[in-house]
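Notes for the one structure printed next.
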Amino acid sequence: MTPSLRRHDAPALRSTRSILKIGVPWFVGSAVLLVGIGLTASPALTKCAKDCKRLITSGFKTCRMECPKGKAGKACRKACRDERKADKAACKAATNPTPPGCGKTTTTTTTTTTSTTTTTPACPFVTKWGSSGTQDGQFYRYPVGVAVDGSGNVFVTDETDRVQKFTNAGTFLTTWEIFGFATGGVAVDESGNVFVTDEGYDRVQKFTNAGTLLTMWGSVGGGDGQFKQPAGIAVDGSGNVFVADDGNDRIQKFTNRGTFVTKWGSTGTGDGQFNGPAGIAVDGSGNVFVADQVNDRIQKFTNIGTFLTRWGSVGGADGQFNCYSLSIVFFGLTGIAVDGGGNVFVADTGSARVQKFACPAETTTTTTTTTTTTT
């Protein structure tokens, strides 16, 4: 702005105030104001009332600098002061002199939440073999126990006091006779020691691979380390012994020498409950599979008894199990074993057959949610 224009720019400034008063955004008026005094509006400075005042102050200083010195510029300087006062009032009365965020620092906060869900699927049916009879590959009355060795061969006992050996796919290999009294489940640890549940005396006996008795533990009752007709038995890779305590509807875990470790289960049909747990097996990862006889299902647990999944229902179709009773004795899925590939073999006593299931690996799903907040 030049001195010759100072006394003639009042209409432009008043026009600026008029614009502000009727509700047009104040920064438009500021632009007019600055043009009127010879300055160029800066978008970066026209953000809020604070910037408005800053521009007026800057214009006022420029106005005074162009006024003549001494008495000759007295009227000019007064005009600059009057216009500054009027423009401040106009800026203050603007429709939105202080928009949100004016004079504040913008902070952006990003929160990332990651959740991981592990899904343990049920095991689909693969194959089966066997029928009722006494011939090779048949099972008399019902198969009792089943076990798998390191090569994947399957061993099955039945009521003829014999052991039959099959390939992993169910092809008959050989058979031999056994003798015992109320013998239940049989398991072998990695050292070759043999563990047998003795249902008649409610105990577990441990033998060498050649049959020499090493130790025994258990008595009749419901306390820790006691049993009521112990049925299935299994040993994990660390030598821990798991016993299906049939009469107490629970699983008990022991060290290799018979010291009680933990237990889980109660009578019922819910997850983690049992109704006559008979067979039990442990896979290479230490997961425990239990043949829940009267409930016609298989339940899978972690090594310390946390429930993972289950499958099965009553019936004679693939993947179903058939439990029946003679007086007070139940006959259903009794033996269970898991090979190195994670395949599960079940002695389906009520249907006089063995069923094989392939358990897929657990799947882990990771979900990441990102929330951005600007203040």
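Some points to look at:
- Selection within the stretch 126-141 - within 29 Å of Cys359 (Cβ to Cβ) and of a type in the set (Val, Ile, Thr): Val126, Thr127
- Filter result for the condition that a residue is farther than 28 Å from Gly170 by Cβ and modelled with pLDDT of 85 or more, over Asn303, Asn295: Asn303
- Subset tally (residues that are open to solvent by 40 Å² or more (accessible area, probe 1.4 Å) and either among the charged types (D, E, K, R) or outside any strand (DSSP E or B) (or both)) for the stretch 122-148: 10
- All strands (runs of 3 or more DSSP E) inside the stretch 206-293 with 1 or more residues being among the β-branched types (Val, Ile, Thr), under 30 Å from Gly315 (Cα atoms) and in contact (Cβ under 8 Å) with a residue 60 or more places away in the chain: 277-282
- When the residues of the stretch 75-97 are filtered to those that are surrounded by 13 or more Cβ atoms within 10 Å (Cβ to Cβ) and outside any helix (DSSP H, G or I), the one that is modelled with the highest pLDDT is Ala94.
- Residue tally, condition surrounded by fewer than 19 Cβ atoms within 10 Å (Cβ to Cβ) and within 15 Å of Val261 (Cα to Cα), over the stretch 196-221: 1
- Sole exception among (1) open to solvent by 40 Å² or more (accessible area, probe 1.4 Å); (2) at pLDDT below 95 for Asp271, by number: (2)
- Given (1) assigned to a strand (DSSP E or B); (2) modelled with pLDDT under 80, index of the condition Ser151 fails: (1)
- Failed item, numbered, when Ala49 is tested on (1) modelled with pLDDT of 50 or more; (2) open to solvent by less than 60 Å² (accessible area, probe 1.4 Å); (3) more than 60 Å from the chain's Cα centre (by Cα): (3)
- Hits in the stretch 321-336 - residues which are at pLDDT below 85 and buried (at least 24 other Cβ atoms within 10 Å of the Cβ): Gly332, Leu333, Thr334, Gly335
Rundown of residues vs (1) under 20 Å from Ala187 (Cβ atoms); (2) of a type outside the set (Ser, Thr, Tyr); (3) in contact with a Lys or Arg (Cβ under 7 Å, 6 or more places away or on another chain), yes/no style:
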| site | (1), (2), (3) |
| --- | --- |
| Val243 | yes, yes, no |
| Trp264 | yes, yes, yes |
| Gln273 | no, yes, no |
| Gly276 | yes, yes, no |
| Gly284 | yes, yes, no |
| Gln299 | yes, yes, yes |
| Thr306 | no, no, no |
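- Members of the stretch 309-321 that are closer than 18 Å to Gly232 by Cβ and out of contact with any Cys (no Cβ under 7 Å at 6 or more places or on another chain): Arg310, Gly312, Phe321
The values are calculated or read from the model by the stated rules, or taken from the named source; none is laboratory data. What you see is a predicted model, and the numbers here were worked out from it, not measured in a lab. Note that each Cβ is placed from the backbone with ideal geometry, even for glycine, and that neighbours are counted across all protein chains shown. Please note that ligands, DNA and RNA were not included when accessible areas were found on the heavy atoms of the full protein model with its side chains. Shrake-Rupley method; radii C 1.70, N 1.55, O 1.52, S 1.80 Å.
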